[in-house]
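Engineer: Take this structure first; my questions come after.
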């Protein structure tokens, strides 16, 4: 592959919005292990929240996908590969990026954190209400001297 072709391929994987319209690959080999990537991503996205045990699995998957992306990019940068191999690497990297985007944009990590945040906000509103009712705060929200 000629150097300008290599640069074009590298530019494609770094382009903003390169994953738009891309499909998550059905399977991908990461660190020598074949993963059903499409099923994994959609299994996780289907849930409203991610349980603690699954959170670790998702974080590990994201870490492995990032590592695999870097290795494939380095192979594209450094390796003596053909244009066809380069195209396959670009498609694989864009599929990895699409999966990473889906995993990064998951909803709340766990229901416990969401509940704690809601309870803290409720306590704050309650305390503000009590201060107003008891005359410790005027209508502008300033605390009184009494």
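Engineer: With the checklist (1) modelled with pLDDT of 80 or more; (2) loosely packed, with under 14 Cβ neighbours inside 10 Å in hand, flag the one item residue 47 doesn't pass.
Structural biologist: Only one criterion in (1) modelled with pLDDT of 80 or more; (2) loosely packed, with under 14 Cβ neighbours inside 10 Å is unmet by residue 47, namely (1).
Engineer: Would you mind finding the one in 115, 50 that is farther than 21 Å from residue 19 by Cα and outside any helix (DSSP H, G or I)? Show your work before the answer.
Structural biologist: Values: 115 fails: outside any helix (DSSP H, G or I).
Every option except 50 fails the conditions.
Engineer: Tell me the residue from 5, 68, 56 that is more than 15 Å from residue 104 (Cβ to Cβ) and over 20 Å from the mean Cα position of the chain (by Cα), please.
Structural biologist: Details: 68 fails: over 20 Å from the mean Cα position of the chain (by Cα); 56 fails: over 20 Å from the mean Cα position of the chain (by Cα).
Step by step, each of 5, 68, 56 is checked, and only 5 is more than 15 Å from residue 104 (Cβ to Cβ) and over 20 Å from the mean Cα position of the chain (by Cα).
Engineer: Here's something else I'd like to know. Among the listed residues 60, 67, identify the single one that is loosely packed, with under 11 Cβ neighbours inside 10 Å and closer than 17 Å to residue 98 by Cα.
Structural biologist: Values: 67 fails: loosely packed, with under 11 Cβ neighbours inside 10 Å.
Checking each option against the conditions leaves just 60.
Engineer: Hey, does region 99-113 have a residue that's exposed (fewer than 10 other Cβ atoms within 10 Å of the Cβ) and modelled with pLDDT under 75?
Structural biologist: Going residue by residue through region 99-113, those that are exposed (fewer than 10 other Cβ atoms within 10 Å of the Cβ) are 104-105.
With the extra rule that they be modelled with pLDDT under 75, the set shrinks to none.
No, because not a single residue in region 99-113 is exposed (fewer than 10 other Cβ atoms within 10 Å of the Cβ) and modelled with pLDDT under 75.
Engineer: Is it the case that some residue within region 22-34 is crowded, with 16+ Cβ neighbours inside 10 Å and in a strand (DSSP E or B)?
Structural biologist: Looking for residues that are crowded, with 16+ Cβ neighbours inside 10 Å and in a strand (DSSP E or B), one finds at least one in region 22-34, hence yes.
Engineer: Tally up the residues in region 72-81 that are surrounded by 14 or more Cβ atoms within 10 Å (Cβ to Cβ) and not in a loop (DSSP other than H, G, I, E, B), please.
Structural biologist: Summing the residues that are surrounded by 14 or more Cβ atoms within 10 Å (Cβ to Cβ) and not in a loop (DSSP other than H, G, I, E, B) in region 72-81 gives 4.
Engineer: What are the residues in region 71-110 that are within 14 Å of the chain's Cα centre (by Cα) and over 23 Å from residue 16 (Cβ atoms), if any? Break it down into steps so the answer makes sense when it comes.
Structural biologist: Filtering region 71-110 for residues within 14 Å of the chain's Cα centre (by Cα) gives 95-109.
Result: 107, 108, 109.
The values are calculated or read from the model by the stated rules, or taken from the named source; none is laboratory data. Computed from a predicted structure; not experimentally measured. Please note: Cβ atoms are built from the backbone with ideal geometry, for glycine as well, and neighbour counts cover all protein chains shown.
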